[in-house]
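What follows is a set of notes on a single structure, which appears directly below.
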Amino acid sequence: MPAIEIRNIKKRYKTLQALKGIDLSIEEGEFFGLLGPNGAGKTTLISILAGLARADEGEAFVLGHNVVTDFRAARQVLGVVPQELVFDPFFTVRETLQIQSGYYGLKRNDDWIDEVMANLDLTEKANVNTRALSGGMKRRLLVAQALVHRPPVIVLDEPTAGVDVELRQGLWKFIARLNREGHTVVLTTHYLEEAEQLCDRIAMLRRGEVVALDNKHAMLQRFSSAQLLLRLAQGGLPASLQGLAIEQQIDVNQYALRLNSYAEVESILAQCRAAGCEIEEIEIRKADLEDVFIQVMKGSSAAEKIKRNA
Ligand SMILES: Nc1ncnc2c1ncn2[C@@H]1O[C@H](COP(=O)(O)OP(=O)(O)OP(=O)(O)O)[C@@H](O)[C@H]1O
């Protein structure tokens, strides 16, 4: 049974079609990345999963529980770390986590609360009132709140926004451990290196549509090849190589050439030599998720224009 199953989910806000029919199936145990530019619809989709917003059409399931008709069961197996920082300002960190445990009917949950606080570096703040926490500390408490009932499916909506490097690393270590122990993790983030490091599979959303969905490695291979960066001491790029240039010049006399295989390096250098170019600097850069992201977004925007003009 998939951890999350999303079938043809559509959502409109007045004139804006925020989700245009999303289909996604995320298996148990996956570490899944949901990426997209601002306004792509990530938070809307997560809100529908968490039962905080209603889809106009389609269905969503968490571990087989329909998020509308079987809301309580779906909510019980899901832990969502929302983007917005809102707390009841009258309670301490520990009390907030105890109250949250109570919502899930967990009475003796203190050992786990202690463990979660320790892993998120919140122990020192256990008895501090939530209104006295810094933004980064509040973000940690949000994560702790989502994990208090040990949900098998964890959804994190930009959990590291505004969080310092140290906690970011600590948080990922903890989440990766939970994932190794069998929890399914879905993550949205604007830090693409984070997604590249952590996620097995990635969906890219743009304007309410899934525009790419694949295993991370396949995506890196399919969408983006490596690049050969050349800085020439003099002369321009030989005409025979212009077709490989990703941009005309990235800086004065600096060019990025698309490399389909490393074997091409030899022929490129030979062509430069034959044309009398003197190479000052050379570097091979492997494609990363950011390159893929830019290509996918560019590609889908071009496809949209063609569709509109057709
Ligand atoms: N309650 C709302 N009322 C009207 N429009 C909304 C509402 N919530 C979201 N939207 C719009 O729906 C679109 C999708 O927003 P959403 O927050 O889901 O995007 P996102 O991918 O999470 O963006 P971000 O990366 O900025 O968090 C945006 O154009 C947004 O302005």
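The values are calculated or read from the model by the stated rules, or taken from the named source; none is laboratory data. Note that this is a predicted model, so its numbers are computed, not measured. All Cβ positions, glycine included, derive from the backbone under ideal geometry; neighbour counts span all protein chains shown.
Considering 40, 50, which residue is within 16 Å of the ligand (Cβ to nearest atom), over 22 Å from residue 178 (Cα atoms) and out of contact with any Cys (no Cβ under 8 Å at 6 or more places or on another chain)?
40
Does residue 163 satisfy the condition of being within 26 Å of residue 48 (Cα to Cα) and of a type outside the set (D, E, K, R)?
Criteria met by residue 163.
Within region 112-137, can you find the residues that are acidic (Asp, Glu), within 10 Å of residue 93 (Cβ to Cβ) and touching a residue at least 40 places away in the same chain (Cβ under 8 Å)?
Of everything in region 112-137, nothing turns out to be acidic (Asp, Glu), within 10 Å of residue 93 (Cβ to Cβ) and touching a residue at least 40 places away in the same chain (Cβ under 8 Å).
Going by the conditions given, is residue 86 within 16 Å of the ligand (Cβ to nearest atom), surrounded by fewer than 16 Cβ atoms within 10 Å (Cβ to Cβ) and modelled with pLDDT under 95?
So residue 86 passes the test.
Being within 22 Å of residue 18 (Cα to Cα), crowded, with 16+ Cβ neighbours inside 10 Å and under 14 Å from the mean Cα position of the chain (by Cα) is the filter here, so list the residues in region 168-210 that pass it.
186, 187, 188, 189, 202, 203, 204, 205, 206, 210
Collect the residues in region 7-23 that are of a type outside the set (D, E, K, R), within 14 Å of the ligand (Cβ to nearest atom) and in contact (Cβ under 8 Å) with a residue 40 or more places away in the chain, keeping them in residue-number order.
9, 17, 18, 19, 22 - these are the residues of region 7-23 that are of a type outside the set (D, E, K, R), within 14 Å of the ligand (Cβ to nearest atom) and in contact (Cβ under 8 Å) with a residue 40 or more places away in the chain.
Out of all the residues in region 62-73, is one or more within 18 Å of the chain's Cα centre (by Cα), touching a residue at least 12 places away in the same chain (Cβ under 8 Å) and part of a strand (DSSP E or B)?
no
Return the only residue of 33, 58 being in contact (Cβ under 8 Å) with a residue 12 or more places away in the chain, touching a Lys or Arg at 6+ places or on another chain (Cβ under 6 Å) and not β-branched (Val, Ile, Thr).
Checking each option against the conditions leaves just 58.
From 97, 106, which residue is at pLDDT below 95 and of a type in the set (A, V, I, L, M)?
After applying the criteria, what remains is 106.
Being within 21 Å of the chain's Cα centre (by Cα) and either among the charged types (D, E, K, R) or surrounded by 15 or more Cβ atoms within 10 Å (Cβ to Cβ) (or both) is the filter; apply it to region 214-252 and report the residue that is modelled with the lowest pLDDT.
Top of the filtered list is 224.
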